[in-house]
Amino acid sequence: MRDHHQEAHFPILDRYGIKWSDLIKGVPCPACTRFAMNRIHMRWQCPFCNERSSDAHLPVLFDLALLSENRITKRLAYNFLGGQTPDAARKMMNRAGFIKVGTSKGAYYRHHDLGPIM
């Protein structure tokens, strides 16, 4: 029985034996779905079809929240968004509505719609 209406802990990567290093990094193009878009002047641009998007990173951040039990660090976001600076990753998470929890090295971001996943 779950107490306090908290979601069940479900470490999907561990359950299926998937390593973080096995996941494809970068932002896929919403038009042609190829990896990875480049960040140019606060917009994403696909090197294959030239599609431009200001929010192509949102599905990546949401997927990261699901895979990381809703605990995204700046470093994790930085690595998965294709090498953006940690500061740029922080700004993207803030603009996307992620909430910062904690301070200093122990700080992480969580998506408000997912709630705490325990």
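The values are calculated or read from the model by the stated rules, or taken from the named source; none is laboratory data. Note that the coordinates shown come from a computational prediction; the quantities given were computed from them, not determined experimentally. Cβ placement follows ideal geometry from the backbone for every residue including glycine, while neighbour counts extend to all protein chains displayed. When the accessible area is computed, the model is the full protein with side chains, heavy atoms only, and any ligands, DNA or RNA have been set aside. Shrake-Rupley method; radii C 1.70, N 1.55, O 1.52, S 1.80 Å.
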Quiz item: What is the chain's relative contact order, in percent, from Cα pairs under 8 angstrom and six or more apart in sequence?
Solution: 24 percent
Quiz prompt | Separation of the Asn50 and Arg15 label points, Cα + 7 Å toward Cβ, nm | solution = 4.4 nm
Quiz prompt | Potential lengthening between His112 and Arg75 on full extension [0.36 nm per residue; Cα-Cα distance subtracted] | solution = 11.4 nm
Self-check item: Share of carbon and sulfur in the accessible heavy-atom surface of the chain [1.4 Å probe, %]
Solution: 51 percent
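Sort 43-51, 74-82 for me by packing, meaning the mean count of neighbouring Cβ atoms within 10 Å per residue, highest on top. Display every interim value, and only then the final one.
Values: 43-51: 15.0, 74-82: 19.4.
Peptide ranking by packing, descending: 74-82, 43-51.
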Quiz item: Can you give the FRET efficiency for Arg43 and Asp63, using 1/(1 + (r/R0)^6), R0 = 30 Å, r = Cβ-Cβ distance, to the nearest 0.05?
Solution: 0.90
Quiz prompt | Helix axis angle, 58-67 relative to the chain longest principal axis, alpha carbon, degrees | solution = 30 degrees
Quiz item: Hey, rough spin-label estimate for Phe35 and Leu23, points 7 angstrom out along Cα→Cβ, what's it come to in nanometres?
Solution: 1.1 nm
Self-check item: Subset of Lys74/Lys105; Lys25/Lys100; Lys19/Lys105; Lys19/Lys74; Lys25/Lys74 violating a 21 Å alpha-carbon distance limit
Solution: Lys25/Lys100; Lys19/Lys105
Quiz item: Here are several values of Cα extents along the principal axes in Å: (1) 42, 32, 23; (2) 50, 32, 23; (3) 102, 27, 16. Which one was derived from the coordinates shown?
Solution: (2)
Self-check item: Theoretical ellipticity at 222 nm over the chain - DSSP helices of four or more residues, -39500 (n - 2.57) apiece, nearest 500
Solution: -7000 deg cm²/dmol
